[in-house]
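The values are calculated or read from the model by the stated rules, or taken from the named source; none is laboratory data. What you see is a predicted model, and the numbers here were worked out from it, not measured in a lab. Note that each Cβ is placed from the backbone with ideal geometry, even for glycine, and that neighbours are counted across all protein chains shown.
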Amino acid sequence: MENTKMSAMPVRKLMLSTGIPMIVSMVLQAVYNIVDSAFVSNMAVGGEQALNALTLAFPMQILMVAVGIGTGVGANVLTAKNLGAGDTEKASRAAGNAEFMAAVIYAAFLLFGLFGTELYIGSQTSDPETARMGADYLRICSVLSFGMSFFAIYEKLLQATGHSVYSTIAQTAGAVTNIILDPVLIYGLFGLPEMGVKGAAYATVIGQIVSFVLALIFHLRVNTAIKNKPGYLKPDLRVIKQIYSVGLPAIISQALISVMTYGMNLILGGISAEAVTAYGLFYKVMQFLLFAAFGMRDAIMPITAYSYGMGDADRIRDSVKYGQLYTFIIMLAGTIVLEVFAEPFSALFGLSGTTSELCVSAMHIISLSFVFAGANIAFQGVFQALGAGVSSLIISLGRQLVFVFPFALLFAGMTGGNAENAWLVWLTFPIAEVLTAAAALLLHLRLMRTKVTDRLAVNGGRAFAGK
């Protein structure tokens, strides 16, 4: 049934039926940071410092998510491939090794939480109160990150077997838990102590644990094709290598977000703390759109890859066309919403003065890059599906590193250290996305010619699988 759906359903419908659950799941990933920011910014004392503290912690949180999701993506592909081949033994071993790696990932971030948070936060700020709050928040999120690490694996295993609705339910339950607990723990409601940023951190990790527990239950109940024996948890270097042959590019792509936000924090910190806070808050708002685009990208990948394996060039082209079209619609709608409601969104976080003005200007200027950013993300999905991981990495490097830091440093120098001129730095992002989109289009045209048109002609329309 699933094979018939992948090979026969019109791509425009298949893209939506596959993409919507993935979009919902990815967007909910963004809920944790934005909800925490909304509540801490409205604390009676030190709200803006707390918001800045969460901004400084944000790059490391993104890195944690990147490693977890990237490992999950690798497990998803390897498990699904083996199940498709009817080899439940290899599929179960892939799932077990992914679970083992989740434990390794958690151990690494546990050590960071115990020994590295003060040094990391201190590298971005000289304000002792902001540093204290940032270290407290990040320490809790790291030490108790096992919920996030294991959920990333079980989410992708559920998706690998066609049960993505269960992973979405688990993700939703965790997000709702976080939303409910945030005001209770931050402000000290119902007789509980007022915990401030620590309360935001505990709300986050409790929500992640809820998602993990539900996803584990669903995995054990509905993923009946995967055997859950202790022996499959034994690490197998060959299997782990196969997981990360797919997962590592995904980790790098996501991790570059962490590198970019950390670098931007340093650059903007040379102008003013208000600029750092404004950028951090805007980026968390923008995450909703970026993660929606990531969800559509994750729908583009299996549809394009399946069509590639069939040797059906028309379905490959339809995958590109409709994937880009739906991504364009999502990003254009987001641009319009931010352009119209920039000031109300800023007001939700209790910002004032220069910080509020910079946040509003960020929404107006950076949102102009969304359509190009969406095109770049969709192209990455196509590149990964066609086995062109290097091309996908080039896009990530362009839009998050190569075209960002030179322009950011140039515009930061033009501000003269005046916070009111920090809006100039926002011009970096439309420029970077446009330049990257031009490169992505050239790479795409070359890839379609060499991987699709020419190969189809040579093979007479036969399947491309394994070539």
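Conditions tested, residue by residue: (1) touching a residue at least 12 places away in the same chain (Cβ under 8 Å); (2) part of a helix (DSSP H, G or I); (3) over 21 Å from the mean Cα position of the chain (by Cα).
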site	(1), (2), (3)
Ile395	yes, yes, no
Phe407	yes, yes, yes
Gly417	yes, no, yes
Ile431	yes, yes, yes
Leu435	yes, yes, yes
Ala440	yes, yes, no
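If the condition is being over 19 Å from Gln159 (Cβ atoms) and basic (Lys, Arg), then the stretch 215-248 contributes Lys229, Lys234, Arg238, Lys241. Residue count for the stretch 426-453, restricted to those that are closer than 17 Å to Tyr283 by Cβ and in contact with a Ser or Thr (Cβ under 7 Å, 6 or more places away or on another chain): 4. Can you find even one residue in the stretch 163-174 that is part of a helix (DSSP H, G or I), more than 17 Å from Gln29 (Cα to Cα) and modelled with pLDDT of 90 or more? No: the stretch 163-174 contains no residue that is part of a helix (DSSP H, G or I), more than 17 Å from Gln29 (Cα to Cα) and modelled with pLDDT of 90 or more. The sole residue among Phe109, Phe115 that is in the same structural domain as Leu157 (by TED's automatic domain parsing) and either touching a Ser or Thr at 6+ places or on another chain (Cβ under 9 Å) or under 30 Å from Phe328 (Cβ atoms) (or both) is Phe109. For Val285, the conditions (1) crowded, with 20+ Cβ neighbours inside 10 Å; (2) part of a helix (DSSP H, G or I); (3) touching a helix residue (DSSP H, G or I) at 6+ places or on another chain (Cβ under 6 Å) all hold with the exception of (3). Selection of the stretch 117-140 for residues being outside any helix (DSSP H, G or I) and over 21 Å from Met264 (Cβ atoms) yields an empty set.
Yes/no per residue for (1) surrounded by fewer than 21 Cβ atoms within 10 Å (Cβ to Cβ); (2) within 20 Å of the chain's Cα centre (by Cα):
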site	(1), (2)
Ile34	yes, yes
Ala50	no, no
Ala66	yes, yes
Thr71	no, yes
Ala75	no, yes
Arg93	no, no
Ala98	no, yes
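Restrict the check to the stretch 352-367 and report whether at least one residue is under 30 Å from Arg315 (Cβ atoms) and either modelled with pLDDT of 90 or more or part of a helix (DSSP H, G or I) (or both). Checked the stretch 352-367: no residue is under 30 Å from Arg315 (Cβ atoms) and either modelled with pLDDT of 90 or more or part of a helix (DSSP H, G or I) (or both). The residues in the stretch 265-284 that are touching a Cys at 6+ places or on another chain (Cβ under 9 Å) and of a type in the set (A, V, I, L, M) can be counted, and the count is 2.
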